[in-house]
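Student: Questions regarding the structure given below will be posed in turn.
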Amino acid sequence: MGNLVKLTKYTAVDTITQMTTRASVLGGISLDKYSIAIDSGNPLEVGFGFRKDLESFFKLPVKYLFLTHAHSDHRGGMDAFKDAVLLLSKKCKENMPKSTKFGGRTLKTFEDKFVLEEGELSIEFFHVAGHSLGSSVAYIPNDRVLYSGDLFFTEPINYGLPFLGFYQNNPRKTGNPEECLAAFQKFKSMKIDFIVPGHGEVVNNPQQYLDEQIEFFKSLKEFIISEIREGKTIDEIEIPRIGQIEKAYRIIASKSQKSRDLKFMETMLNWIKKSFYEHYKTT
Ligand SMILES: [Zn+2]
């Protein structure tokens, strides 16, 4: 028995594998004659297991593997889908490690948007960046489902805090909060019932969730800009305990062994601070 479960008529999701492996949330979309895998998991054995699960779940061959972005937890299993078309944004391809081998495989890359039409279904793929240079999402209008990749982390992973530590491979850069905000605003204008995040549990109250994320990012932006105007250096700035950060501290406070969690939290907050500071220091 695999870990995929039905989400809507055409979509399925696996939020189980992420708990015991170095893989992200995995997804699948079924069309008439084939299916689409959303991310490949990591490492390769997880990719093979996921593919087997997809094929038995939908009883269809996998025609496309869509990579939401270039991070290893999403692409590490991609060689389990060597015969499938690798669908990814141009920027995602650019952001892949230099050692990546595409040898012999069919690639379909897109700049801003690609729409796959098949019978009554259309699947839309957008490049939005924000979390990483090439971050893209898949949207199924018929089912009102958005596979967001790592634009969103939801509990219990990362305490639901955004991961903004690794935007670009070379030279390494932290995330881009303004692109995240633009993406969230775009999602707000779309009809969505479920957001499947890159990590964590499926969001089933997307409008409220998006409002909270927008509020959180806007508050951080305002705070950082005012600190920069006061002439503070990055080391003098302390990220305020607002929104999800406050919640994360509360979760950690209820634990018996706090030190490891606090250290992890500090790393997350430093990345958040760095990405906001680097982005807004020149505006
Ligand atoms: Zn990830």
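Student: Rounded to the nearest 10 degrees, what's the angle between the helix 259-280 long axis and the longest principal axis of the chain, both from Cα atoms, 0 to 90?
Tutor: Once rounded, the angle reads 90 degrees.
Student: Taking the Cα atoms only, what angle lies between the long axis of helix 243-253 and the longest principal axis of the chain, rounded to 10 degrees?
Tutor: Computed tilt is about 90 degrees.
Student: For the stretch 39-96 and the stretch 119-134, what is the centre-to-centre distance using only Cα atoms, to the nearest Å?
Tutor: For the stretch 39-96 versus the stretch 119-134, the Cα centre distance is 15 Å.
Student: Return the lysines within reach of K191: Cα separation strictly under 23 angstrom, same-chain partners fewer than 8 residues apart disregarded; answer none if there are no such residues.
Tutor: By straight Cα distance, K191 reaches K6, K9, K113, K218.
Student: Restricting to DSSP H runs of at least four residues, report the calculated mean residue ellipticity at 222 nm for the chain, -39500 (n - 2.57) per run over all residues, nearest 500 deg cm²/dmol.
Tutor: Dividing the helical sum by the residues of the chain leaves -10500 deg cm²/dmol.
Student: Could you tally the net charge around Y139, taking each other residue with its Cβ under 14 Å from the Cβ of Y139, Lys/Arg +1 and Asp/Glu -1? Can you show the working numbers first?
Tutor: Numbers: positive: K113, R144, K186, K188, K191; negative: D112, E117, E124, D143, D193.
Combined, the nearby Lys, Arg, Asp and Glu give 0.
Student: Add +1 for every Lys or Arg and -1 for every Asp or Glu among the other residues with Cβ under 10 Å from the Cβ of G160, and state the total.
Tutor: Around G160, the surrounding residues sum to -2.
Student: What is the sum of charges around T109, taking Lys and Arg as +1, Asp and Glu as -1, for the other residues whose C-beta is under 13 Å from the C-beta of T109? Mind dumping the intermediate values first?
Tutor: Details: positive: K90, K91, K93, R105, K108, K113; negative: E94, E111, D112.
It works out to a net charge of +3.
Student: Can you pull the semi-axes for the stretch 5-214, root of five times each eigenvalue of the Cα gyration tensor, sorted largest first, whole Å? Present the calculation step by step, with values, prior to reporting the outcome.
Tutor: Numbers: eigenvalues 99, 84, 56 Å².
Each semi-axis is √(5λ); the values are 22, 20, 17 Å.
Student: When DSSP assigns beta bridges and you keep just the ones with both residues in the chain, what percent turn out antiparallel, to the nearest 5? All intermediate terms of the calculation are to be shown ahead of the outcome.
Tutor: On the way: 25 of 41 bridges.
Approximately 60 percent, going by the DSSP bridge assignments.
Student: Test of understanding: ordering K59, K93 by Cβ neighbours within 10 Å, fewest first, what list do you get?
Tutor: On the way: K59 9, K93 16.
Least to most surrounded, the residues fall as K59, K93.
Student: Shifting gears a bit: In whole percent, what relative contact order does the stretch 5-214 give with Cα contacts below 8 Å and a gap of six or more residues? Spell out each step's value before the answer.
Tutor: Working: 487 pairs, mean separation 32.5, N = 210.
It rounds to 15 percent for the stretch 5-214.
Student: Once the Cα atoms of helix 44-58 and of the chain are each reduced to a long axis, what angle between those two axes, in degrees from 0 to 90 to the nearest 10, is obtained?
Tutor: Its long axis makes an angle of about 60 degrees.
Student: Additional query: In percent, what relative contact order does the stretch 76-153 have, based on Cα pairs under 8 Å that are 6 or more apart in sequence? Walk me through the intermediate numbers first.
Tutor: Numbers: 113 pairs, mean separation 18.6, N = 78.
With pairs under 8 Å counted, the relative contact order is 24 percent.
Student: Restricting to the stretch 45-172, what percent of DSSP beta bridges are antiparallel, rounded to 5? Show your work: numbers first, answer last.
Tutor: Details: 13 of 20 bridges.
That works out to approximately 65 percent antiparallel.
Student: Another one. Strictly over 29 Å apart at the Cα level, which of K98/K247; K101/K263; K98/K232; K101/K273; K98/K258; K186/K247 would you flag in this model? Walk me through the numbers before you get to the answer.
Tutor: Working: K98/K247 39 Å; K101/K263 36 Å; K98/K232 37 Å; K101/K273 34 Å; K98/K258 38 Å; K186/K247 26 Å.
Those over the limit are K98/K247; K101/K263; K98/K232; K101/K273; K98/K258.
Student: Along Cα→Cβ, 7 Å out, is where each label goes; now give me the distance between the ones at K191 and K247 in nm to one decimal.
Tutor: With each label point 7 Å from Cα toward Cβ, the separation is 2.7 nm.
Only the coordinates and a few stated rules stand behind these numbers; no lab work does. All of these numbers come straight from a predicted model, not from anything done at the bench. Note: ideal-geometry Cβ built from the backbone for every residue, glycine included; neighbour counts use all protein chains shown.
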